Amino acid sequence: MKTTERKSLPKKEAEDMQKKQALALEVIERLKREYPDADCTLDYNEAWKLLVSVRLAAQCTDARVNVVVEKLYEKYPDVEALAAADVDDIERIVHPCGLGKSKARDISACMKILKEKYNGNVPDDFQELLKLPGVGRKSANLIMGDVFGKPAIVTDTHCIRLVNRIGLVDGIKEPKKVEMELWKLIPPEEGSDFCHRLVWHGREVCTARTAPHCDRCCLEDVCGKHI
């Protein structure tokens with residue numbers, strides 16, 4: 001009987017992959033030491049609230065979202081109340097986050113689905129999350145990792161910028177492609193915390209709008225410095 005052999009990567013590709021995997025593990029350990037308590041910077045105490053906040057965070061700072069949602073939840077304290085809310089009223093409240101009309105529409109539709117299909121709960125299945133209005137891969141991964149403790153890689157702007165600069169990925173800017181590359185390098189149980197630490201590092205050290213502060217970076221000697 002003819003047996004099939006598993007295809008192996010060409011030697012150079014295999015060596016490059018091993019180097020990147022080793023680099024990834026080193027980066028993970030250093031960021032752990034630097035930011036041991038790094039977590040999501042959106043405030044929430046229930047899964048549906050994180051779902052709302054992550055939609056509002058598109059093209060808006062987490063700090064502003066955290067202020068705006070206080071007013072939203074004061075008036076609409078649960079999924080049922082928000083599902084029944086007038087979309088125009090939601091828009092008036094979330095307007096400071098920008099893109100108020102589309103965000104309010106998505107939030108309203110999303111809460112209605114949670115109420116009618118999931119008994120007010122957020123589904124713990126990645127594909128089901130992607131079916132919710134306004135939820136893309138980044139949001140779904142954030143929910144999966146932070147709420148349900150499942151393997152997740154959140155490719156936000158900080159993650160994409162840093163993994164390219166460090167050399168974990170090579171000039172890839174499309175979020176899904178970056179995510180797929182990182183799945184090859186990052187142990188599943190490390191993905192969610194790793195991405196949170198990249199956000200903290202990206203805000204404090206490896207910044208976007210100024211020159212990165214390489215002189216005080218814990219990765220200075222291992223970073224590819226593709227700036």
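The values are calculated or read from the model by the stated rules, or taken from the named source; none is laboratory data. Keep in mind that this is a model prediction, so the values were computed, not measured. Neighbour counts are summed over all protein chains in view; Cβ atoms, including those assigned to glycine, are modelled from backbone coordinates with ideal geometry.
Key figures for this structure:
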| item | result |
| --- | --- |
| Residue in the stretch 13-28 that is exposed (fewer than 13 other Cβ atoms within 10 Å of the Cβ), assigned to a loop (DSSP other than H, G, I, E, B) and at pLDDT below 95 present | no |
| Any hit, the stretch 36-47, residues being crowded, with 20+ Cβ neighbours inside 10 Å and assigned to a helix (DSSP H, G or I) | no |
| Test: residue in the stretch 47-70 that is among the basic types (Lys, Arg) and over 24 Å from the mean Cα position of the chain (by Cα) | no |
| Pair list, Cβ < 8 Å and 6+ apart or interchain, from the stretch 149-172 residues that are farther than 22 Å from Glu204 by Cβ to residues that are modelled with pLDDT of 95 or more and in a loop (DSSP other than H, G, I, E, B) | Lys150/Asp124 |
| Considering residues of the stretch 190-219 that are among the β-branched types (Val, Ile, Thr) and assigned to a loop (DSSP other than H, G, I, E, B) only, the residue farthest from Leu25 (Cα to Cα) | Thr210 |
| All positions within the stretch 55-65 that are surrounded by fewer than 17 Cβ atoms within 10 Å (Cβ to Cβ) and either β-branched (Val, Ile, Thr) or over 24 Å from Asn141 (Cβ atoms) (or both) | Thr61 |
| One residue from Val68, Val52 being surrounded by 14 or more Cβ atoms within 10 Å (Cβ to Cβ), farther than 17 Å from Gly136 by Cα, in contact with a helix residue (DSSP H, G or I) (Cβ under 7 Å, 6 or more places away or on another chain) and not assigned by TED's automatic domain parsing to the domain that holds Thr155 | Val68 |
| All positions within the stretch 105-122 that are over 17 Å from Glu80 (Cβ atoms) and crowded, with 19+ Cβ neighbours inside 10 Å | Asp106 |
| One residue from Gln59, Gln18 being at positive phi and of a type outside the set (Phe, Trp, Tyr) | Gln59 |
| Where Lys75 falls short, out of the listed (1) crowded, with 17+ Cβ neighbours inside 10 Å; (2) modelled with pLDDT of 95 or more | (1) |
| Qualifying positions in the stretch 79-98 - in contact (Cβ under 8 Å) with a residue 12 or more places away in the chain and either surrounded by 15 or more Cβ atoms within 10 Å (Cβ to Cβ) or closer than 27 Å to Arg137 by Cβ (or both) | Val79, Leu82, Ala83, Ala85, Val87, Ile90, Glu91, Ile93, Val94, Pro96, Cys97, Gly98 |
| Qualifying residue in the stretch 121-141 (condition: closer than 18 Å to Glu46 by Cβ, over 18 Å from the mean Cα position of the chain (by Cα) and not assigned by TED's automatic domain parsing to the domain that holds Lys184) | yes |
